[in-house]
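Working notes for the structure below.
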Amino acid sequence: MLAFYADQFVLPLPPGHRFPMAKYAALRERLAAGLPQVRLQQALPASDGELALAHTPRYIQAVAEGGLTPAEQREIGFPWSPAMAERARRSVGATVQACRAAMAGEGIAANLAGGTHHAYAHKGGGFCVFNDTAVAARLMQAEWQRHGAARRQRPLRVAVIDLDVHQGNGTASIFRDDPSVFTLSLHGAKNFPFRKEPGDLDVDLPDGCDDATYIEALEWALHELERRFEPGLVIYLAGADPHEGDRLGRLKLTDDGMEARDRRVFEWVWQRRIPMAMTMAGGYGHDIESTLRVQFNTWRLAVSHWQRWQAALPAAQWHNGLP
């Protein structure tokens, strides 16, 4: 299973900063040691033209050249630096590469970071600089049309299954008037962002939500997604922050509940033979070990899903009309 990373670009954060930057390299090291089926590749940076599919030219330039205002930097939560700008580009590039790999026959591929769903077209927010989901979805749609449009009856339709504990406000804003992308979000009703952006399907969850309540809500949401939309690609934000050990999550999913969540998403996608790119999104455990444990288990299930795809080829490729 292909996995793309950019953790060598480390933001020079001030002492005591609450963002757990170390988790990215730690996850890569744990995957390398414990899941030999994962093929790790360094992510390539997204170009200005690719970023412009979802972001304004002024914002792209400000990030690239250090032209963000102090207020914009505070909203993002990171001070600007060349490493911050490069990491943001490569985090987008990793999701783009994962989408390409998934659609080219891998079935599923993933970004070891990404899920930066609080970034709007014109600004960042909530530790998110560029919106990797939005850029990747639009680039895949463009490439889908460019390669074989004559034999395809409609544009590529993309479903975003966002199971980070925080609502994907930036993603919902970018795709508000785009019927070719369906945004589904399960999130804490009282959690950040406190002003939600309406997506295609928003499921608000109460503080303290347990395993059974969450899985019931997820089942209903997937049923609604199937009833209302037929995707050719899924981008899955597999946030670790609904876990009971997360200091920012406010929900109470156990390890078993998180596993049931991931297993249900993978099964739903597999039953429909839809290529999927996975991103890690949020994870802010009281100790980094709890976040890494949840993420590693997600990857273990993802590898099993990938192995099913490989066993099914070439039938799975044919089903999706891939070259």
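Worth a mention:
- Matching residues, the range 120-131, being open to solvent by 10 Å² or more (accessible area, probe 1.4 Å), within 12 Å of Y59 (Cβ to Cβ) and small (G, A, S): A121
- Options R39, R87, R74; residue that is closer than 28 Å to M140 by Cβ, of a type in the set (D, E, K, R) and either in contact with a Lys or Arg (Cβ under 9 Å, 6 or more places away or on another chain) or free of Cβ contacts under 8 Å to residues at least 60 places away in the same chain (or both): R39
- Pairs linking a residue in the range 104-122 that is charged (D, E, K, R) to a residue that is modelled with pLDDT of 95 or more and in a strand (DSSP E or B), with Cβ atoms under 7 Å and 6 or more positions apart or on different chains, are E106/L2.
- Any hit, the range 286-293, residues being farther than 27 Å from A22 by Cα, touching a helix residue (DSSP H, G or I) at 6+ places or on another chain (Cβ under 8 Å) and not polar (S, T, N, Q): no
- Only a single item in (1) over 18 Å from the mean Cα position of the chain (by Cα); (2) without any contact (Cβ under 8 Å) to a residue 60 or more places away in the chain is not met by F229, and it is number (2).
- When E72 is tested against (1) under 20 Å from the mean Cα position of the chain (by Cα); (2) more than 21 Å from P275 (Cα to Cα); (3) assigned to a helix (DSSP H, G or I), exactly one condition is not met: (1).
- Of the residues contained in the range 280-287, none is found to be at pLDDT 95 or above, over 30 Å from A104 (Cβ atoms) and under 19 Å from the mean Cα position of the chain (by Cα).
- Complete set of residues in the range 245-258 that are in a loop (DSSP other than H, G, I, E, B), surrounded by fewer than 20 Cβ atoms within 10 Å (Cβ to Cβ) and modelled with pLDDT of 95 or more: K252, T254
- The range 191-229, residues that are touching a Lys or Arg at 6+ places or on another chain (Cβ under 8 Å) and among the aliphatic types (A, V, I, L, M): L201, I215, L218, L222
- If you go through the range 90-116 and keep only what is part of a loop (DSSP other than H, G, I, E, B) and touching a strand residue (DSSP E or B) at 6+ places or on another chain (Cβ under 6 Å), you end up with L112, G114, G115, T116.
- Criterion violated by T279 - all others in (1) buried (at least 18 other Cβ atoms within 10 Å of the Cβ); (2) more than 18 Å from G239 (Cβ to Cβ); (3) of a type outside the set (G, A, S) satisfied: (2)
The values are calculated or read from the model by the stated rules, or taken from the named source; none is laboratory data. For clarity, every value in this text was computed on a predicted model and none was experimentally measured. Quick reminder, even Gly has a Cβ in these numbers, built from the backbone with ideal geometry, and neighbours come from all protein chains shown. All accessible areas refer to the heavy atoms of the entire protein, side chains included, with ligands and DNA or RNA removed. Shrake-Rupley method; radii C 1.70, N 1.55, O 1.52, S 1.80 Å.
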